1. I need the shape label for the chain. Rule: rounded when a/c is under 1.5, else prolate if a/b > b/c, else oblate, with a, b, c from the alpha carbon gyration tensor.
2. What full-extension length gain, to one decimal in nm, is calculated for S72 and R102 as 0.36 nm per residue of separation minus the Cα-Cα distance?
3. Against the longest principal axis of the chain, how steep is helix 50-62, in degrees 0 to 90 to the nearest 10, with axes from Cα atoms?
4. Provide the net charge surrounding R23, with neighbours chosen by a C-beta distance below 14 Å and charges set as Lys +1, Arg +1, Asp -1, Glu -1.
5. Pull out a ≥ b ≥ c, the square roots of the eigenvalues of the alpha-carbon gyration tensor of the stretch 73-153, then state rounded if a/c is under 1.5, prolate if not and a/b is larger than b/c, and oblate in the remaining case.
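What follows draws every value from the coordinates through simple rules; no lab data is involved. Since the model is a prediction, treat every value here as computed from it, not as a measurement. For neighbour counting, all protein chains shown are included, and Cβ atoms are generated from backbone atoms with ideal geometry for every residue, glycine included.
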Amino acid sequence: MVQTDFSLMRCPVARSMSVLGERWAILVLREAFYGTTRFEEFERHLGIAPNILSARLAKLVEHGLLERVAASGRGARHQYRLTGKGRDFFPAYVALKRWADRWMTDPSGPPVLLVEAVTGEEVRSPPLIGSGGAPLCPEDVRVLPGPGAGERMRRRFAGAGGDDA
């Protein structure tokens, strides 16, 4: 069975999934957001096989979400640090975590809380808010072709109300 190569698709979300949709990718980023920088720490915190971790780190570096830098200290080889592109994914991660904490957590609650370092207040991902201040649902959003849309996309959403999005 031939898999679809999302990286070749015009849709930026599909292209993002070619990097972030791989098994372990978001969990590796989660660990980077939580302060993990060394290969051995990623391996220990994730319980991931070294060959799989190596491949995921290499892909995240290749796509500019992490950078591999020489580490200082005895026995240290490399560290992995978030780039600007990787740091820009943090709000999306927090939104995913918020959803997962609501729908996928055990009855005892989420195993990890994110709190503001200065105030100790829990970090929250806000809901999408419309211009009138009310939360937006998918039904409240209209899908229109953007400046990078091809002819097919323009035809699909010409005058659309988002019904087939």
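1. On the way: a/c = 2.23, a/b = 1.41, b/c = 1.58.
The shape class here is oblate.
2. Working: separation 30, 0.36 × 30 = 10.80 nm, distance 4.02 nm.
The S72-R102 span can extend by a further 6.8 nm.
3. 50
4. Numbers: positive: R30, R56, K59; negative: E22.
Local charge sum for R23: +2.
5. Numbers: a/c = 2.34, a/b = 1.35, b/c = 1.73.
Oblate, since a/c reaches 1.5 and b/c is not below a/b.
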